[in-house]
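Colleague: First the structure, which I've put down as structure tokens, then a few questions once you've had a look.
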Amino acid sequence: MTPILLIGNGAREHAIAEAFKKNENAKLYSFMKARNPGIEKLSEKIQIGSYSDIDAIKLFALNVKADFAFIGPEEPLANGVADALEGIGVPCVGPKQKLAQLETSKSFTRNLLEKYHISGNPKFKIFNNKNKNEIKKFLDTLPAVVVKPDGLTGGKGVKVQGDHFQAKDEALKYCEEALLTHNSVVVEEKMDGVEFSLQCLTDGKTVVLTPPAQDHKRAYEDDKGPNTGGMGSYSAENHLLPFLKKEHVNEALKITKQVAQALYLELKQHYKGVMYGGFIITKDGVKLVEYNARFGDPEAMNILPIMKTDFVAVCEAIIDQKLDSIEVEFENKATVLKYAVPKGYPDAPVKDRIAVMEIPKEARLYYASVDERADGLYMTGSRAIGLLGIGNTIAEAEKIAEKATEAVKGNVFHRKDIGTEELIGKRVRKALSFK
Ligand code: GLY
């Protein structure tokens, strides 16, 4: 038997739990901050607690005699849970705190690429309270800008010109505000293009690709409305995307391999876990938007359900730094994931009770930001239920996912356009315009 500690309570972790449970020797013990009924069902035992309660996580790991831990979300990674668990002899898939700066510090990552001459950075500068007088001058050199406060901001800190603000003096004001609560702020040139997510697995030496996916950040159809954690995503049966060529993937993989090596040179620690790059195809080629130190949510659901290789063996290879000795394979299937989210999400979500009916047998359902209470299933304010279609084509997968959304009853909405030909066509036309 392989006792595994899983930390996290979202749909991403539900998909991770499902991937582990394909191995009949896997015994899952889950530490969650809210009761996710999907993860609970797959677990031998669960514990509800805070991701900053390091002692409780360590005690749970020792009690269940975990062979290893998988750390799903960014919050425990940022809190140093991997360092704490490794300190008591529980190896982790998920980077230690310093390595997790790849996600938690936007300035760390931009500086790393620059120092090691790795391509992918846009024009950028980092400002703090000492050099803040120079912000205006730099803003004036760029056609349009993005402002990123340094540190975890729960996906809410990044502000983009044209989306969140219009004029440069608003950018300046936001930088000054951010510097009241953050040590530094990164100001970057806004990149125009088509984004894709590339989630790579690494043991710190070898970097392995998984199929690329595309997320949809805006709340409403046709990419309108406020930014969210991601309303849904898709992947294609050929492990590319309709607008994405093999050379784009190769370039993003090359960057990720160089970054993994640079992380080791810089911090003298091997990164073991997921390096999820948000990349963008621009007129100047593939650029890096940002890295995350974990699987994407929803993108984890585009890859784990079609992974053919035993995920327990993959994680063990990451821990033992033997990723070069196994083949990580995926089915040639397309996937479309649509999130049912609370009405009012993301600004004023209702936290009502919902009911989940039976889904069509070809679909899969992942519980996300919900809490199972004595009187039923409640939404907790973020994305509630992920519905996945797997098919031979994106169109087939989209129909399955769309049908499955009917199973969620209550005050929810979802984006009908994710995975549709019309929306994907727009992305293809945009990418073609760079030729
Ligand atoms: N797909 C967005 C994220 O995981 O951060």
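The values are calculated or read from the model by the stated rules, or taken from the named source; none is laboratory data. Please read all numbers here as calculations on a predicted model, not as lab measurements. Cβ placement follows ideal geometry from the backbone for every residue including glycine, while neighbour counts extend to all protein chains displayed. Just the protein is used for accessible areas: all its heavy atoms, side chains included, with ligands, DNA and RNA removed. Shrake-Rupley method; radii C 1.70, N 1.55, O 1.52, S 1.80 Å.
Colleague: Considering only protein heavy atoms and a 1.4 Å probe, what is the carbon-and-sulfur percentage of the accessible area of the range 332-419?
Modeller: Answer for the range 332-419: carbon and sulfur cover 49 percent of the accessible area.
Colleague: Need one word for the chain: rounded, prolate or oblate. Basis is the Cα gyration tensor (sqrt eigenvalues a ≥ b ≥ c); a/c below 1.5 gives rounded, then a/b vs b/c decides.
Modeller: It comes out rounded by the Cα gyration axes.
Colleague: Need the list of lysines near LYS361 for cross-linking: C-alpha distance under 24 angstrom, and skip anything on the same chain fewer than eight residues off.
Modeller: LYS21, LYS22, LYS41, LYS308, LYS333, LYS338, LYS399, LYS403, LYS409, LYS416
Colleague: About its Cα centre, how strong a charge dipole does the range 357-435 have in debye, to the nearest 20, once Lys and Arg get +1 and Asp and Glu get -1 at the Cβ?
Modeller: It comes to approximately 520 debye.
Colleague: Taking the chain as a Gaussian network, where each spring joins two C-alpha atoms under 10 Å apart, which residue of SER197, SER105, SER50 fluctuates the most?
Modeller: SER50
Colleague: Which residue fluctuates most in the GNM of the chain (Cα springs below 10 Å): GLU24, GLU299, GLU188?
Modeller: Top of the fluctuation ranking is GLU24.
Colleague: Enter the Cα centre distance for the pair the range 304-343 and the range 356-396, rounded to the nearest angstrom.
Modeller: 19 Å
Colleague: Using only the Cα atoms of the range 253-321, build the gyration tensor, take square roots of its eigenvalues as a ≥ b ≥ c, and label the shape rounded, prolate or oblate: rounded if a/c is under 1.5, else prolate if a/b is larger than b/c, else oblate.
Modeller: Cα axes put the range 253-321 in the oblate bin.
Colleague: Classify the range 293-332: rounded, prolate or oblate, from the alpha-carbon gyration tensor (a ≥ b ≥ c, eigenvalue square roots; a/c under 1.5 rounded; otherwise prolate if a/b is larger than b/c)?
Modeller: Verdict is oblate for the range 293-332.
Colleague: Of LEU201, LEU179, LEU387, which has the largest mean-square fluctuation in a 10 Å C-alpha GNM of the chain?
Modeller: LEU179
Colleague: In whole percent, and with a 1.4 Å probe on the protein chains, what portion of the accessible area of the range 194-326 is carbon and sulfur?
Modeller: 46 percent
Colleague: Okay, moving on. Below 8 Å, C-alpha to C-alpha, sequence gap of six or more: please give me the relative contact order for the range 1-78 in percent.
Modeller: Normalised by residue count, the contact order of the range 1-78 is 39 percent.
Colleague: Still on this structure, I have one more. Whenever you get a sec, line up LYS137, LYS125 from highest to lowest accessible area (probe 1.4 Å, protein heavy atoms).
Modeller: Reading off the accessible areas and sorting them downward yields LYS137, LYS125.
Colleague: Is it possible to state the helix-based mean residue ellipticity at 222 nm for the chain, with each DSSP H run of 4+ residues giving -39500 (n - 2.57), the sum divided by total residues, to the nearest 500 deg cm²/dmol? What is it?
Modeller: It comes out at -8500 deg cm²/dmol, rounded to the nearest 500.
Colleague: So what's the gap between the Cα centers of the range 173-251 and the range 58-106, to the nearest angstrom?
Modeller: Here the two parts' Cα centres lie 24 Å apart.
Colleague: Still on this structure, I have one more. Rolling a 1.4 Å sphere over the protein heavy atoms, what is the accessible area per residue of the chain, to the nearest Å²?
Modeller: 42 Å²
Colleague: Give the relative contact order (percent, whole number) for the chain; include only Cα pairs under 8 Å separated by 6+ residues.
Modeller: 17 percent
Colleague: State the percentage of accessible surface on the range 71-157 attributable to carbon and sulfur atoms; use a 1.4 Å probe and exclude ligands, DNA and RNA.
Modeller: 49 percent
Colleague: Report the FRET efficiency, 1/(1 + (r/R0)^6), for ASN128 and LYS254, where r is their Cβ-Cβ distance and R0 is 22 Å, rounded to 0.05.
Modeller: With a Förster radius of 22 Å, E is 0.10.
Colleague: Scan the chain and note any complete DSSP helix (H) whose C-alpha atoms cover at least 18 Å along its axis and whose Kyte-Doolittle average is -1.0 or more.
Modeller: Once both thresholds are applied, what remains is 168-181, 246-267.
Colleague: Defining a contact as two alpha carbons under 8 Å apart and six or more residues distant in sequence, what relative contact order in percent does the range 206-355 show?
Modeller: That works out to 27 percent.
Colleague: Students often get this wrong, so check it: of LYS125/LYS426; LYS106/LYS283; LYS65/LYS98; LYS45/LYS351; LYS58/LYS268, which have C-alpha atoms separated by over 30 Å?
Modeller: LYS125/LYS426, as the Cα separations exceed 30 Å there.
Colleague: Let me ask something additional. What does the charge dipole of the range 108-245 about its Cα centre add up to, to the nearest 20 debye, if the Cβ of each Lys and Arg holds +1 and the Cβ of each Asp and Glu holds -1?
Modeller: That gives the range 108-245 a dipole magnitude of about 500 debye.
Colleague: Convert each backbone phi in the range 372-378 into a coupling constant with the Karplus relation 6.51 cos²θ - 1.76 cosθ + 1.60 (shift: θ = phi - 60°), then list the ³J(HN,Hα) values in order as whole Hz, x for Gly and Pro.
Modeller: 7, 10, 4, 9, x, 9, 10
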